[in-house]
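Visitor: This is the structure I have questions about; it appears just below.
The values are calculated or read from the model by the stated rules, or taken from the named source; none is laboratory data. Nothing here was measured: the structure is a model prediction, and the numbers come from that model. Here Cβ is always computed from backbone atoms with ideal geometry, including for glycine, and neighbour counts include all displayed protein chains. Surface accessibility is based on the protein's heavy atoms, side chains included, excluding ligands, DNA and RNA. Shrake-Rupley method; radii C 1.70, N 1.55, O 1.52, S 1.80 Å.
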Amino acid sequence: MAVAELKDITKAYSGRSILRGITLDLQPGQRVGLVGPNGAGKTTLVKILAGVEEADAGEVQVSQQATLSYVSQKPRLDPESTLQQQVSLVFAELHAVQHKMEQAAAAMAEHPSGPLHDQAIAEYDHLQHHFEHMGGWDIERRLDVVMQQLGFKQADYLLPIKALSGGQKSRAQLAQMLLMGPDLLLLDEPTNHLDLPMLDWLEQALCEMSDAAMLIVSHDRYFLDSVATDIIEMSEGRIEHYPGNYSDYIVLRAERMLTRQRQFDQQQAFIAKQEEYIRRFQAGQRARQARGRKIRLGRLKETALAAEPRGKKADIILNLAISRHSGHEVLKVQDLAKSFGAKELFRALELNVIRGSRIGIVGPNGSGKSTLLNILAGNLQPDAGTVHWGHAVALQFYQQEHQDLDLKKNIFQELRAARPTASEQDLRDLAALFQFRGDDIEKPVGVLSGGEKARVAMAKLLLKPTNTILMDEPTNHLDMDTCRVVEAALDSYDGTLILVSHDRYFLDSVCDQLLVLEPGDQGPAWRLFDGSYSEYLDFKRAEKAKASAQERQRREKDNIAKQRGSSAPGAVKASTPAKPTAKKLPLHLQKLTLDQTEKLVHHLEDELKLREESFGDAAIASDRKRVAEVTHQCEDLRKKISETMAAWEAKAAESAR
Amino acid sequence: MAVKFRGKRYKENAKLVPTGALTVEKAIPVLKGFKKTKFDESVNLVVHLGIDPKQADQMVRGSVSLPKGIGKTRKVIAFVQGANVDLAKNAGAAEAGAEDLIKKVSDGWLDFDVAIATPDMMTKVSRLGKVLGPQGKMPSPKAGTVTADVATAVREYIAGKVEFRNDAGGNIHAVVGKASFAEGDLAANVHAFLETIRRLKPPTAKGLYIKKVTLHSTMSPGLQLDTSHLDAETVEA
């Protein structure tokens with residue numbers, strides 16, 4: 001049974017039709033990626049499903065039992081309240097029940113006997129029942145676990161929302177979503193502002209929610225590739241369904257487009273042939289046949305005329321202008337350091353950039369990527385070190401906030417200001433590549449949405465003659481078509497490029513070198529990596545696997561050393577060696593008698609029970625490190641118990657013989 | 001999925017399990033005829049109920065004093081004040097008190113099986129929710145652990161009163177005795193427990209209520225019990 005259904009939904013803003021008869025259903029376990037150009041109505045559709053906006057016509061049905069979670073593009077959080085307060089809002093119902101329980105308990109104490117007492121006890125019993133059923137006793141532990149997974153520390157809990165970065169706010173919304181454990185999940189651009197490790201985590205978390213139905217608006221192709229089970233393309237107010245992930249969608253879409261183009265061409269050829277026949281014979285001997293054909297053609301045009309395939313992309317031709325080549329050495333950074341208060345972002349940073357380099361700066365949220373770009377651009381001063389730009393460097397800086405846009409001018413005027421020598425047709429062609437067609441170009445910049453402003457800023461940047469570009473999150477808010485335009489433009493760009501991005505696909509296609517900023521407990525570190533982002537991820541995985549293999553080897557060595565130590569004469573009381581019972585048993589178990597093995601099982605079970613009980617200990621429950629430690633100990637004990645039980649069984653079987 | 005390891009004794013015992021469901025009186029001799037371990041195994045009953053565990057009004061929870069006990073004593077504490085402190089202690093409570101005991105528990109002391117409280121203490125005891133709740137030790141009126149008659153409750157729980165509640169899969173697990181019990185004693189306990197479960201059928205539960213009952217000892221295979229008579233009674237009820 002579908003979790004949610006939309007039937008024939010229509011919606012218009014100021015007479016402009018956004019949704020035209022959308023019909024869609026979401027099944028449990030379906031993770032649908034919603035793609036399409038900016039302004040296609042993706043967010044509107046999600047809002048209608050979430051109940052935030054109303055459709056002009058049509059029907060929205062969401063299963064009554066389903067819990068719904070909507071993660072909006074702009075986090076809807078109260079800036080004055082703390083992080084913990086905001087995330088705990090998902091437990092509002094439980095807190096209300098708890099409050100009522102306290103009131104019922106007070107009433108029990110107030111009326112020691114009589115009907116009021118009985119009523120209070122019944123009320124308390126009912127509330128406690130409901131509270132336990134909803135997992136009320138467990139909310140603090142669940143909150144801790146989710147916040148830890150999302151990279152928040154205990155110290156962050158009391159920070160006001162207004163003090164959080166964009167990435168942290170997105171993570172707070174995701175925490176709410178995870179704690180709610182919804183059946184229907186509506187995510188609008190969930191990857192915006194998230195750093196790369198968090199993206200990996202989010203992908204995994206969404207895939208693990210196997211029973212939930214999801215509708216995800218995203219422009220992140222890697223993300224959709226990993227998460228989506230279906231793709232729905234939205235264009236001109238209509239949707240088209242494609243089974244599979246984003247890569248499947250690209251292939252399938254190309255096939256469908258080709259088929260439609262062929263059908264369209266064949267039909268056009270048929271129509272042309274019929275029209276020619278009608279023209280030639282309408283007044284002659286075959287006038288009757290010609291009239292018949294004219295009627296049939298009229299019917300065909302009315303009922304079965306194939307539309308020209310939409311979504312046919314114009315070939316992207318955009319060559320970035322190079323003012324004049326810079327010198328061979330473009331940038332030299334020496335011993336650069338920057339801190340904000342007690343937080344050290346980077347130190348002793350060295351960077352030599354030569355002409356034509358394409359460097360991507362990556363690192364987690366708050367690691368200082370944007371700060372570094374601002375220092376390079378001269379907008380910020382470093383605490384130590386020098387930044388030296390080379391000979392004839394013409395620098396352009398694309399910032400997240402687009403401060404260089406004049407809100408009073410229209411799009412065309414803005415583009416003209418960037419390159420006064422360009423012809424009107426060239427500027428219109430460029431605007432069309434950035435999805436501004438026809439009258440759109442006359443719109444004032446001030447009325448544009450965030451995504452549209454980003455497109456204007458990007459188009460302006462690509463127009464200005466330059467030989468070195470700094471870019472901060474260039475793909476944020478850009479739809480995939482615009483991203484492709486930018487990628488193609490940068491691909492053919494001869495100059496030097498230094499950019500910050502969390503878009504893995506974009507990084508892979510544009511950069512061939514990475515500057516990785518790594519904050520750590522021992523202070524910040526950095527490294528230069530020659531290769532694409534995918535290669536870097538492979539390298540990191542290999543590094544991690546190597547480290548864990550070394551750790552395993554070290555533990556094994558320690559265990560062997562311990563076993564040798566424990567088998568030394570007099571080391572253990574129960575060292576009377578028993579006849580080895582089973583060859584496959586671990587050495588330390590082979591040496592125990594049946595009774596000793598049994599005692600060991602009991603001892604281990606007691607230990608396990610103690611550890612499990614300690615989860616309820618307030619001191620442990622409030623300390624995440626200790627919770628993780630005890631969990632690890634419990635797992636170890638369970639393994640030991642099953643191993644010892646197997647040994648006991650083997651020994652018992654042998655003694656029975 | 002990992003294959004579950006089964007010991008030789010278990011496999012031998014599994015061969016003795018008759019096919020089909022057994023009455024309680026037939027199942028207990030089979031259980032006692034299994035090859036023994038070296039300790040006195042507990043005998044457990046697992047009841048699979050036809051309820052929707054996601055619905056709060058279909059939760060089955062309660063307590064029952066089994067006629068023959070469960071073969072072990074339990075450590076009981078009581079959150080009480082005034083004269084009830086002595087009453088609880090005289091009844092056998094390991095600890096009894098108010099603020100001091102609450103502080104001790106909130107500091108991490110959890111070496112007890114059951115916590116009992118008088119209604120007037122529940123405002124204070126509710127502070128221990130996050131400690132006692134996850135362990136299932138939070139006093140509750142339905143389980144009979146929130147009561148004005150503390151002495152009786154303490155005595156009953158020490159003697160082996162069994163508290164139960166359904167899990168997320170709609171199953172109830174409970175200890176109904178020891179393998180060393182006489183056959184008649186075990187049968188009496190099983191009948192008493194099933195009768196209690198039968199009586200607690202939520203009004204909103206639809207269809208067959210007691211779907212499957214399995215009896216087993218700590219390390220033995222399970223024996224499926226015949227529930228046809230329970231079902232008939234349930235329908236009548």
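Visitor: Dipole magnitude of region A:329-539 about its Cα centre, charges +1 at Lys/Arg Cβ and -1 at Asp/Glu Cβ only, in debye to the nearest 20?
Guide: So the magnitude is around 540 debye.
Visitor: In peptide B:54-64, what is the residue-averaged number of other protein chain Cβ atoms found within 10 Å of each Cβ?
Guide: 2
Visitor: Dipole size in debye (nearest 20) for the protein assembly as shown around its Cα centre, Lys and Arg Cβ +1, Asp and Glu Cβ -1?
Guide: Taking the Cα centre of the protein assembly as shown as origin, the dipole is about 2740 debye.
Visitor: Give me the percent of accessible area attributable to carbon and sulfur for region B:125-237, probe 1.4 angstrom.
Guide: About 52 percent, which is the carbon plus sulfur part of the accessible surface.
Visitor: Between residue B:168 and residue A:401, what FRET efficiency follows from the Cβ-Cβ distance if R0 is 51 Å, with the result rounded to 0.05?
Guide: 0.55
Visitor: Which of rounded, prolate or oblate describes the protein assembly as shown when judged by the alpha-carbon gyration tensor and an a/c cut-off of 1.5?
Guide: Taking the square roots of the gyration eigenvalues as a ≥ b ≥ c, the protein assembly as shown is prolate.
Visitor: Once you place label points 7 Å from the Cα toward the Cβ at residue B:226 and residue A:261, how far apart are they in nm?
Guide: 7.6
Visitor: Further question: What shape does region B:76-159 take by its C-alpha gyration tensor, where a ≥ b ≥ c are the square roots of the eigenvalues and a/c under 1.5 counts as rounded, a/b above b/c as prolate, and the rest as oblate?
Guide: rounded
Visitor: Return the distance in nm (one decimal) between the two label points of a simple spin-label model at residue A:551 and residue B:149, each offset 7 Å from Cα along Cα→Cβ.
Guide: About 5.7 nm separates the two model spin labels.
Visitor: Let me ask another. How large, in percent, is the carbon and sulfur part of the accessible surface of region A:250-310 at a probe radius of 1.4 Å?
Guide: 51
Visitor: Counting only heavy atoms of the protein chains, get the accessible area per residue of the protein assembly as shown (1.4 Å probe) and round it to a whole Å² value.
Guide: For the protein assembly as shown, the solvent-accessible area averages 50 Å² per residue.
Visitor: Could you work out what % of the accessible surface of region B:25-121 is carbon and sulfur, using a 1.4 angstrom probe and leaving DNA, RNA and ligands out of the count?
Guide: Of the solvent-accessible surface of region B:25-121, carbon and sulfur hold 49 percent.
Visitor: Over the Cα atoms, compute the radius of gyration (one decimal) and Dmax (the largest Cα-Cα distance, rounded to a whole number) for chain B, in Å.
Guide: 19.5, 58
Visitor: Sticking with this one: Tell me, what is the 1.4 Å probe accessible area of residue A:343, in Å² to the nearest 10?
Guide: Accessible area, nearest 10 Å²: 110 Å².
Visitor: Please give the helix A:624-656 orientation as an angle from the longest Cα principal axis of chain A, in degrees from 0 to 90, rounded to the nearest 10.
Guide: Once rounded, one gets 60 degrees.
Visitor: Under a 5 Å amide H to amide H cut-off, with H placed in plane at 1.01 Å, what residues pair with residue B:210 once short-range neighbours are removed?
Guide: Those lying under 5 Å, H to H, from residue B:210 are B:50.
Visitor: Leaving out ligands, DNA and RNA, calculate the buried accessible area for the pair A and B with a 1.4 Å probe, summed over both sides, in Å² to the nearest 100.
Guide: Roughly 2900 Å² of accessible surface disappears when A and B pair.
Visitor: Which aspartates and glutamates, if any, have their Cα less than 15 Å from the Cα of residue A:294, not counting same-chain residues under 8 positions apart?
Guide: A:275, A:276, A:302
Visitor: What FRET efficiency do you get for residue A:635 and residue A:92 if R0 is 41 Å and r is their Cβ-Cβ distance, rounded to the nearest 0.05?
Guide: My answer for the efficiency is 0.75.
Visitor: Calculate one ³J(HN,Hα) per residue across region B:8-25 by plugging θ = phi - 60° into the Karplus curve 6.51 cos²θ - 1.76 cosθ + 1.60, and present them in order as whole Hz with x for glycine and proline.
Guide: 5, 5, 4, 5, 5, 5, 4, 5, 7, 6, x, 7, x, 7, 10, 6, 4, 5
Visitor: Using a Cα-Cα cut-off of under 16 Å, which lysines could be cross-linked to residue A:153, ignoring same-chain neighbours fewer than 8 residues away?
Guide: Cα-Cα hits under 16 Å: A:169, A:343, A:625.
Visitor: While we're here: Spin-label point model (7 Å from Cα, Cβ direction): what's the residue A:426 to residue B:52 distance in nm?
Guide: Reported label-point gap for residue A:426 and residue B:52 is 6.8 nm.
Visitor: Another question, if that's okay. Can you give me the Cα centroid spacing of region B:170-184 and region B:34-90 in angstrom?
Guide: Each part's Cα centre sits 11 Å from the other's.
Visitor: Show the residues, 5+ positions off or on another chain, whose built amide H is closer than 5 Å to the amide H of residue A:380.
Guide: A:375
Visitor: In peptide B:112-121, what is the residue-averaged number of other protein chain Cβ atoms found within 10 Å of each Cβ?
Guide: For peptide B:112-121, the averaged partner shielding equals 3.
Visitor: Along the charge dipole of region A:587-656, pointing to its positive end and built from +1/-1 on Cβ of Lys, Arg, Asp and Glu, which listed residue (A:604, A:641, A:630) has its Cα farthest out?
Guide: With unit charges placed on the Cβ atoms, the residue in question is A:630.
Visitor: I've got another one for you. Shielding of B:140-147 by partners, i.e. mean partner chain Cβ atoms within 10 Å per residue?
Guide: Per-residue shielding by partner chains comes out at 4.
Visitor: Peptides A:635-642, A:492-499: what's the order by average Cβ count within 10 Å, highest mean first?
Guide: Packing proxy ranking, top to bottom: A:492-499, A:635-642.
Visitor: Just to make sure I understand: if all protein chains stay in place, what is the order of A:539, A:152 by accessible area at 1.4 Å, largest first?
Guide: A:539, A:152
Visitor: Now for a different question. Identify, among B:140, B:151, B:81, the residue whose Cα sits farthest towards the positive end of the charge dipole of region B:76-159, taking +1 on the Cβ of Lys and Arg and -1 on the Cβ of Asp and Glu, with the dipole about the Cα centre.
Guide: Farthest along the dipole direction, towards plus: B:140.
Visitor: Can you send over the solvent-accessible area of residue B:209, 1.4 Å probe, protein chains only, in Å² to the nearest 10?
Guide: The accessible area comes out at roughly 0 Å².
Visitor: Among the residues of region A:598-620, which ones have their accessible area go down by 40 Å² or more when all the protein chains sit together, as opposed to their chain alone (1.4 Å probe)?
Guide: Buried-area filter returns A:598, A:613, A:616, A:617, A:618.
Visitor: Highest mean first, how do A:445-451, A:183-189, A:100-106 rank when packing is the count of other Cβ atoms within 10 Å averaged over residues?
Guide: My ranking of the peptides, most packed first, is A:183-189, A:100-106, A:445-451.
Visitor: Then there's this: Return the sequence-ordered ³J(HN,Hα) values of region A:86-94 in whole Hz as given by the Karplus equation 6.51 cos²θ - 1.76 cosθ + 1.60 applied to θ = phi - 60°, using x for Gly and Pro.
Guide: 3J(HN,Hα) across region A:86-94, in whole Hz: 5, 5, 5, 4, 5, 9, 3, 5, 5.
Visitor: Considering only Cα-Cα distances, which of the following residue pairs are longer than 23 Å: A:609/B:130; B:103/B:142; A:591/B:72; B:32/B:212; A:591/A:639?
Guide: Violating the 23 Å Cα-Cα cut-off are B:103/B:142; A:591/B:72.
Visitor: Calculate, for residue A:340 and residue A:602, the FRET efficiency according to 1/(1 + (r/R0)^6) with r their C-beta to C-beta distance and R0 60 Å; round to the nearest 0.05.
Guide: 0.60
Visitor: Which of the lysines could a cross-linker span from residue A:408 if the Cα-Cα distance has to be under 27 Å and same-chain partners fewer than 8 positions apart are dropped?
Guide: A:74, A:443, A:453, A:460, A:464
Visitor: Something else now. Based on the mean of other Cβ atoms within 10 Å per residue, sort peptides A:15-23, B:149-157, B:200-208 so the most packed one is first.
Guide: My ranking of the peptides, most packed first, is B:149-157, A:15-23, B:200-208.
Visitor: Report the relative contact order of region B:76-159, percent, no decimals, based on alpha-carbon pairs under 8 angstrom and at least 6 residues apart.
Guide: 38
Visitor: Using the Karplus curve 6.51 cos²θ - 1.76 cosθ + 1.60 with θ = phi - 60°, work out ³J(HN,Hα) for each residue of region A:490-501 in order, rounded to whole Hz, and write x for Gly and Pro.
Guide: After applying 6.51 cos²θ - 1.76 cosθ + 1.60, I find 5, 4, 8, 7, 8, x, 9, 9, 10, 9, 10, 8 Hz.
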